[in-house]
Amino acid sequence: MGSATSSMAAKFAFFPPDPPSYNIHVDEPTGKMRISDVHPREDVDVVKINTKKGNEIVALFVKNPSASLTVLYSHGNAADIGQMYHIFSELSVHLGVNLMGYDYSGYGQSSGKPSEQDTYADIEAAYKCLEETYGVKEEDVILYGQSVGSGPTLELATRLPHLRAVVLHSPILSGLRVMYPVKKTFWFDIYKNIDKIPLVNCPVLVIHGTEDDVVDVSHGKQLWELSKDKYEPLWLKGGNHCNLELYPEYLRHLRKFISAVEKLPRHRNPTEPSPLKTNDNKDDKARSSSGQRDKARWSTGQLREKSRRSTDNREKSSSRSSTYSREKSSRKLSEDRSGKARNSTDSDRARNSFDRLGDMVRSVGLCNVDCMKPAAFEA
């Protein structure tokens with residue numbers, strides 16, 4: 001019974017793009033592996049990594065010569081690193097970090113089949129590659145988990161006491177809680193993030209859209225409340241599950257967060273709260289749409305705004321779902337690969353220096369973590 005239930009949960013949770021969006025070939029002049037259908041870049045390494053589960057996963061390492069920190073990015077569902085290639089590259093440039101993104105077992109050109117335990121082995125293998133191949137230290141790593149990717153991110157974060165920071169992008173409380181508002185954790189649930197987040201000792205940034213009709217914003221808010229070392233969260237008013245990167249606040253807030261954690265001591269006692277606070281500025285009001293605004297800062301674990309709890313279980317409007325469905329159905333994988341200009345519902349939003357990245361995000365849809373629905377990409 002238990003095995004059958006866990007297997008069923010896994011089938012609901014994983015939707016690898018079929019077929020994969022990319023192939024791998026060896027560049028004859030250099031002997032380096034390359035991703036197909038993208039312009040080769042000397043600052044991007046394509047590597048294959050063996051996991052303790054016996055699978056071989058594919059990863060990208062984007063190098064930034066001025067970076068002091070490295071982001072290990074766990075992407076969401078229904079996507080692979082071929083679709084995320086340009087986004088990874090642009091984030092590395094705009095945030096001033098090295099960045100490694102990897103495909104889970106069974107995704108892209110990684111071997112095996114996806115499962116909760118395999119994703120844990122996958123992120124562990126990617127992290128070991130950063131340490132052993134690129135010489136990255138634990139205290140210089142930021143783990144970034146997007147939606148389903150928040151599962152392997154928090155699993156690894158609980159085992160790294162000197163980790164620099166964690167970013168949770170549209171995260172889930174658990175797999176079962178995406179589908180049902182259960183109050184207790186069942187043994188057959190997957191990605192029990194709600195039970196792991198209190199064990200993370202480093203600063204945690206949570207980013208979530210207030211109109212997310214795939215993973216409700218209450219997931220992000222509860223994870224933020226349960227974090228030991230809170231950083232000012234980003235509740236993007238009107239943002240859904242697919243478009244948070246299109247908001248100018250997204251990049252500004254990430255930059256601010258990385259700038260703050262860069263100043264933390266590299267060998268800080270993990271049991272002590274972070275000593276830094278974010279700077280007050282006018283942008284805080286726009287970023288903090290749930291009402292915490294200037295008050296949400298580095299915390300020792302005490303919740304300062306209990307009134308936010310009353311908004312967690314608000315009703316979702318049916319218009320959100322129809323808008324989201326139209327948004328997904330309009331995206332084409334063939335457009336993803338072409339990189340040509342696309343129509344944008346956000347064209348009147350000033351994205352400043354983030355315009356290029358916004359276009360790339362839009363081109364792949366980035367609805368790449370959909371725990372309950374099949375991928376909307378077209379072959």
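The values are calculated or read from the model by the stated rules, or taken from the named source; none is laboratory data. Owing to the predicted nature of the structure, the values given are computational and were not obtained by experimental measurement. Because the Cβ atoms are built from the backbone with ideal geometry, glycine has one as well, and the counts that use them run over all protein chains shown.
Remarks
- Residue in the stretch 64-77 that is surrounded by fewer than 24 Cβ atoms within 10 Å (Cβ to Cβ), over 17 Å from residue 33 (Cα atoms) and in contact with a Lys or Arg (Cβ under 7 Å, 6 or more places away or on another chain) present: yes
- Some residue of the stretch 229-249 being assigned to a loop (DSSP other than H, G, I, E, B) and over 26 Å from residue 213 (Cα atoms): yes
- Against the numbered list (1) without any contact (Cβ under 8 Å) to a residue 40 or more places away in the chain; (2) over 16 Å from the mean Cα position of the chain (by Cα); (3) surrounded by 23 or more Cβ atoms within 10 Å (Cβ to Cβ), residue 204 comes up short only at (2).
- For the stretch 90-103, the tally of residues that are closer than 13 Å to residue 59 by Cα and either touching a residue at least 60 places away in the same chain (Cβ under 8 Å) or of a type in the set (Gly, Ala, Ser) (or both) stands at 1.
- The stretch 131-149 residues that are more than 20 Å from residue 206 (Cα to Cα), paired with ones that are part of a helix (DSSP H, G or I) (beta carbon under 7 Å, 6 or more apart): 136/130
- Among the residues of the stretch 168-198, those identified as in a helix (DSSP H, G or I) and modelled with pLDDT of 95 or more are 193, 194, 195, 196, 197, 198.
Residues checked against (1) farther than 18 Å from residue 170 by Cβ; (2) touching a Leu at 6+ places or on another chain (Cβ under 7 Å); (3) among the β-branched types (Val, Ile, Thr):
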site: 67; (1), (2), (3): yes, no, no
site: 71; (1), (2), (3): no, yes, yes
site: 74; (1), (2), (3): no, no, no
site: 79; (1), (2), (3): no, no, no
site: 84; (1), (2), (3): no, no, no
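- Scanning the stretch 86-103 for residues that are assigned to a helix (DSSP H, G or I) and touching a helix residue (DSSP H, G or I) at 6+ places or on another chain (Cβ under 8 Å) yields 86, 87, 88, 90, 91, 94, 95.
- Within the option set 105, 111, being surrounded by fewer than 24 Cβ atoms within 10 Å (Cβ to Cβ), in contact with a strand residue (DSSP E or B) (Cβ under 8 Å, 6 or more places away or on another chain) and at pLDDT 95 or above holds for one residue only, 111.
- Checking each residue in the stretch 113-131 for being small (Gly, Ala, Ser), out of contact with any helix residue (DSSP H, G or I) (no Cβ under 6 Å at 6 or more places or on another chain) and farther than 13 Å from residue 71 by Cα picks out 121, 125.
- Checking residue 266 against (1) assigned to a loop (DSSP other than H, G, I, E, B); (2) touching a Pro at 6+ places or on another chain (Cβ under 9 Å); (3) under 20 Å from residue 70 (Cβ atoms), the condition it does not meet: (2)
- Single condition residue 165 does not satisfy, out of (1) out of contact with any strand residue (DSSP E or B) (no Cβ under 6 Å at 6 or more places or on another chain); (2) modelled with pLDDT of 95 or more; (3) buried (at least 24 other Cβ atoms within 10 Å of the Cβ): (1)
- Among the criteria (1) at pLDDT 95 or above; (2) touching a Ser or Thr at 6+ places or on another chain (Cβ under 8 Å); (3) surrounded by fewer than 24 Cβ atoms within 10 Å (Cβ to Cβ), the one residue 213 does not fulfil is (1).
- Filter pass, residue 226 being modelled with pLDDT under 95 and in contact with a helix residue (DSSP H, G or I) (Cβ under 6 Å, 6 or more places away or on another chain): no
- Residue in the stretch 13-33 that is farthest from residue 123 (Cα to Cα), counting only those that are in contact (Cβ under 8 Å) with a residue 12 or more places away in the chain and surrounded by fewer than 19 Cβ atoms within 10 Å (Cβ to Cβ): 27
- Among all residues of the stretch 45-53, there is at least one that is of a type in the set (Val, Ile, Thr) and in contact with a Leu (Cβ under 9 Å, 6 or more places away or on another chain).
Each row is one residue, and each column tells you yes or no for (1) assigned to a loop (DSSP other than H, G, I, E, B); (2) more than 18 Å from the chain's Cα centre (by Cα); (3) hydrophobic (A, V, I, L, M, F, W, C); (4) farther than 30 Å from residue 260 by Cα.
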site	(1), (2), (3), (4)
60	no, no, yes, no
65	yes, yes, no, no
78	yes, no, yes, yes
84	no, no, yes, no
105	yes, no, no, yes
108	yes, no, no, yes
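- Just one of the numbered conditions (1) in contact with a Leu (Cβ under 9 Å, 6 or more places away or on another chain); (2) within 20 Å of residue 151 (Cβ to Cβ); (3) at pLDDT 95 or above is not true of residue 231: (2).
- Complete set of residues in the stretch 199-224 that are within 17 Å of residue 147 (Cα to Cα) and assigned to a helix (DSSP H, G or I): 217, 218, 219, 220, 221, 222, 223, 224
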